[in-house]
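One structure is given below, encoded as structure tokens.
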Amino acid sequence: MGRVTERRRVIRIRDGAVSTRPDTLVAEEPMEIRLGGKPLAITMRTPGDDFALAAGFLVSEGVLASAAELANIVYCAGATGEGGSNTYNVVDVRLADGVPVPDITLERNVYTTSSCGLCGKASLDAVRTTARWPLDTSADTPVRIEPATLSALPDRLRAAQRVFERTGGLHAAALFTTDGELLDIREDVGRHNAVDKIVGRALQQRRLPLSSCVLMVSGRASFELVQKAVMAGIPVLAAVSAPSSLAVDLAVETGLTLVGFLRGTSMNVYAGEHRLALSAAASTD
């Protein structure tokens, strides 16, 4: 199986001095996801938590909503390896008896990269109509979070990134309580993969919907990340960088609280401000 990191020789130049040294890089390998033996998607990911990645991907696509709907996930031996060896880069997901298998056509097959997620799949209506847990009704009690709690999350996320410390080349997604307690963290070369691993692990542990949690991501907030949060029933998504216009549109449509540019005590709230415990009314310029 592929490793999370690999070593490569580099030439290092510092203040005019040249030297050679080994460098630790994050591993990136393709993984094909099959559903009932039929190819569904290929993603470039960091090896590890592959079954959770596949499960989380299917949650975001509206195929799975609970562990009871999942029969098993297995690696496909000899899928691409020479001599029939197992590359551990192809997984096959089998649904439980009675769970409908979506029609997989050539138009439905998707290729996802480590940076962009499901490129071109930007349907606000599709996400709104297929979400299993409306965000305003999926929690037993309304979610409220203090801005000061949000402000502490980036540092807690960064402190828990073990592989990033060695490579500097990984995104991370972390799940927190509204009190700022770290519940889970996953790293991957793709930010959308890290989120899928978080959601997939929650499905495997029978914790969906994540209706009382905050999702924190290390990069920008794209449409795909908002989609994945909504499909997992997560009411709050925070990012250290900017959201896209479509991400904001989807957050508004679905009632998600979307926070961007979360750095220190500064942040921008793009949607769902009713979940933030604000001490004063917001002013407009």
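The values are calculated or read from the model by the stated rules, or taken from the named source; none is laboratory data. Because the structure is a prediction, the values reported are computed rather than measured. Methodologically, a virtual Cβ is constructed for each residue, glycine included, from the backbone with ideal geometry; neighbour enumeration extends over all protein chains shown.
Results, tabulated for the structure shown:
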| read-out | value |
| --- | --- |
| Which numbered condition T257 misses (of (1) crowded, with 24+ Cβ neighbours inside 10 Å; (2) more than 17 Å from L153 (Cα to Cα)) | (2) |
| Boolean, S212 is surrounded by fewer than 24 Cβ atoms within 10 Å (Cβ to Cβ), of a type in the set (S, T, Y) and closer than 17 Å to R132 by Cα | yes |
| Test: residue in the stretch 103-126 that is at pLDDT 60 or above, under 19 Å from R201 (Cβ atoms) and surrounded by fewer than 19 Cβ atoms within 10 Å (Cβ to Cβ) | no |
| Among (1) part of a helix (DSSP H, G or I); (2) farther than 18 Å from D49 by Cα - the single one G219 does not satisfy | (1) |
| The listed residue being over 20 Å from E146 (Cα atoms) and among the aromatic types (F, W, Y), out of F223, F261 | F223 |
| Residue in the stretch 32-49 that is touching an Asp or Glu at 6+ places or on another chain (Cβ under 8 Å), exposed (fewer than 13 other Cβ atoms within 10 Å of the Cβ) and either assigned to a loop (DSSP other than H, G, I, E, B) or aliphatic (A, V, I, L, M) (or both) present | yes |
| Residues satisfying the stated conditions in the stretch 192-220, i.e. polar (S, T, N, Q) and over 17 Å from R144 (Cα atoms) | N193, Q204, Q205, S218 |
| Filter pass, R201 being in the same structural domain as A159 (by TED's automatic domain parsing), among the basic types (K, R), without any contact (Cβ under 8 Å) to a residue 12 or more places away in the chain and not in a strand (DSSP E or B) | no |
| Residue count, the stretch 252-261 (criterion: at pLDDT 95 or above and over 11 Å from L237 (Cα atoms)) | 1 |
| Residues being farther than 19 Å from S212 by Cβ and either among the β-branched types (V, I, T) or in contact with an Asp or Glu (Cβ under 9 Å, 6 or more places away or on another chain) (or both) - total across the stretch 236-263 | 5 |
| Of all residues making up the stretch 230-257, the number that are aliphatic (A, V, I, L, M) and within 15 Å of the chain's Cα centre (by Cα) | 10 |
| Any chance G36 is farther than 16 Å from G190 by Cα and free of Cβ contacts under 8 Å to residues at least 12 places away in the same chain | no |
| Residue within the stretch 138-161 that is surrounded by fewer than 17 Cβ atoms within 10 Å (Cβ to Cβ), at pLDDT 90 or above, closer than 26 Å to E253 by Cα and touching a Cys at 6+ places or on another chain (Cβ under 7 Å) present | no |
| Failed item in (1) hydrophobic (A, V, I, L, M, F, W, C); (2) under 16 Å from H171 (Cβ atoms); (3) not in a strand (DSSP E or B), with L25 passing the rest | (3) |
